[in-house]
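Since every read-out is calculated from the coordinates, none of them should be taken as a lab result. These numbers were taken from a predicted model, which means no experiment stands behind them. Virtual Cβ from ideal backbone geometry, glycine too; neighbours counted across all protein chains shown.
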Amino acid sequence: MNTTIAKDLKIVFLGTPDFATHILRRIVDEGYNVVAAVTMPDKPAGRGHKLQPSSVKAYAVEQGLPVLQPESLKDEAFLSELRALGADLFIVVAFRMLPKEVWGMPHRGTFNLHASLLPKYRGAAPIQHAILNGETVTGVTTFFLDEQIDTGQVLMRREVGLTSQETGGSLHDKLMMTGADLVVQTIELIRNNEVVPSTPQPEMYEDEALLPQAPKIFKEDRLLRFSSCTAVEVDRRIRAMSPYPSAIATWHMVDGTDIEVKVFDAELLSHDTSLSAGQMKATKEGLLVGTTKGAILLKTIQMPSKRPIQARDLANGFDLSSVAKVF
């Protein structure tokens with residue numbers, strides 16, 4: 001890379017979590033001129049509810065980069081400060097939806113890195129939904145922002161394969177690494193004026209209504225339904241939600257109460273028909289639960305208000321006979 005020319009391109013980076021920080025670090029390490037980082041305001045966290053900076057802010061401060069933390073992206077003071085930076089290019093990774101006043105500001109445009117092969121899996125949770133749907137290939141996409149969510153002109157895409165054991169955490173890391181490479185390549189594409197008109201996203205598929213979406217994950221999406229799902233479906237949900245936000249198994253107790261148990265790791269036993277759907281028994285390897293087709297061996301779980309443990313150790317301090325059924 002011609003570092004002198006690269007440093008002439010003024011970049012503002014917008015992002016918040018670890019995924020975004022890795023991308024920002026790569027941009028800085030490549031020698032690009034990042035003139036500011038925009039991130040979420042500090043939020044209270046932990047037992048003391050002390051204000052904690054976002055991952056992006058912590059890294060930016062460490063690097064001596066100016067940091068902007070607007071409460072509102074339409075605030076005039078923020079917009080004036082952003083405008084005064086004179087940036088050529090904005091790069092967005094895992095941030096809020098931007099108003100046109102922001103994304104329309106730089107003359108080289110604003111591009112976003114999305115963790116899917118757009119137009120598939122538009123939305124807030126592409127990693128989890130790719131695993132939930134049993135995809136064997138996903139990827140990352142860079143695209144110019146426009147008025148809608150994840151609909152702008154595609155710049156570059158890279159495929160990433162999924163293994164049968166893929167978790168949300170492992171896929172997150174794969175896409176983060178590949179995404180960093182793609183962002184650097186996209187910067188070079190724009191810097192060298194090599195952007196060419198691409199096929200509009202709606203025209204990439206004949207029937208856009210059939211495209212899988214990736215809406216935000218809510219608690220309902222985390223619930224494991226052993227009594228109405230196959231072992232394959234349960235296994236996918238456990239892996240998609242691991243390690244965060246974690247899948248939830250509801251144990252219906254003999255006394256009529258329910259407890260929610262987080263599940264982080266399990267083994268798919270799709271041909272095991274020894275248990276009926278929702279029935280559970282302890283084994284030397286863990287807790288075996290029947291489904292509508294096959295069984296799931298729970299390996300790492302977390303009881304309410306406790307630390308995660310190996311499921312095989314639960315019997316040491318918990319009466320499994322008190323569990324009537326697992327939903």
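A few remarks follow.
- The distance between label points at THR257 and LYS281 comes to 2.8 nm (points 7 Å beyond Cα on the Cα→Cβ vector).
- The MET303 and VAL35 beta-carbon pair, evaluated with R₀ = 56 Å, returns a calculated FRET efficiency of approximately 0.70.
- Proximal charge balance of ASP272 [Cβ under 14 Å; K/R count +1, D/E count -1]: -1
- Checking every one of the chymotrypsin sites (Phe, Trp or Tyr not before Pro) in the stretch 218-273 against DSSP loop status and a limit of 16 other Cβ atoms within 10 Å picks out PHE218.
- For the stretch 20-91, the set of GluC sites (Glu not before Pro) satisfying both a DSSP loop assignment and a count of at most 11 other C-beta atoms within 10 Å is given as GLU71.
- Among the trypsin sites (Lys or Arg not before Pro) found in the stretch 217-301, those both in a DSSP coil and sparsely packed, with 10 or fewer other Cβ atoms within 10 Å of their Cβ, are LYS284.
- Once the Cα-Cα distance is subtracted from the 0.36 nm per residue extended length, the ASP272 to GLU188 segment shows a gain of 25.0 nm.
- For the stretch 106-121, Karplus couplings with θ = phi - 60° (6.51, -1.76, 1.60), whole Hz, Gly/Pro x: x, 6, 8, x, 10, 10, 10, 9, 10, 8, 7, 8, 4, x, 6, 6
- With a cut-off of 14 Å on the backbone N, the residues of the stretch 45-88 near the modelled label site 7 Å out from ARG25 along Cα-Cβ are 55-63.
- Simple spin-label estimate for ARG83 and GLN310 in nanometres, 7 Å along Cα-Cβ: 6.3
- Taking Lys and Arg as +1 and Asp and Glu as -1, the other residues whose beta-carbon sits under 10 Å from that of GLY179 total +2.
- For the pair THR292 and MET177, the difference between a 0.36 nm per residue extended length and the Cα-Cα distance amounts to 37.6 nm.
- Think of it as helices only: each DSSP H run of n ≥ 4 in the chain is worth -39500 (n - 2.57), and spread over all residues that comes to -7500 deg cm²/dmol at 222 nm.
- A cut-off under 15 angstrom between Cβ atoms defines the neighbours of LEU189, and their net charge, with Lys, Arg +1 and Asp, Glu -1, is -1.
- Note on GLN213 and HIS49: the model spin-label points, each 7 Å out from Cα along the C-beta direction, lie 3.5 nm apart.
- Filter on LYS284/LYS325; LYS120/LYS306; LYS219/LYS325; LYS43/LYS216; LYS174/LYS262; LYS74/LYS262 - keep pairs with C-alpha separation over 31 Å: LYS120/LYS306; LYS74/LYS262
- For ALA94, residues with placed amide H under 5 Å, excluding near neighbours: LEU113
- Counting DSSP beta bridges with both ends in the stretch 18-177, the antiparallel % (nearest 5): 70
- For the chain, alpha-carbon Rg over 2.2 N^0.38 Å: 1.16
- Residues whose amide H falls under 5 Å from that of LEU155, counting only those 5 or more places apart or on a different chain, are THR142, PHE143, PHE144, with hydrogens built in the peptide plane.
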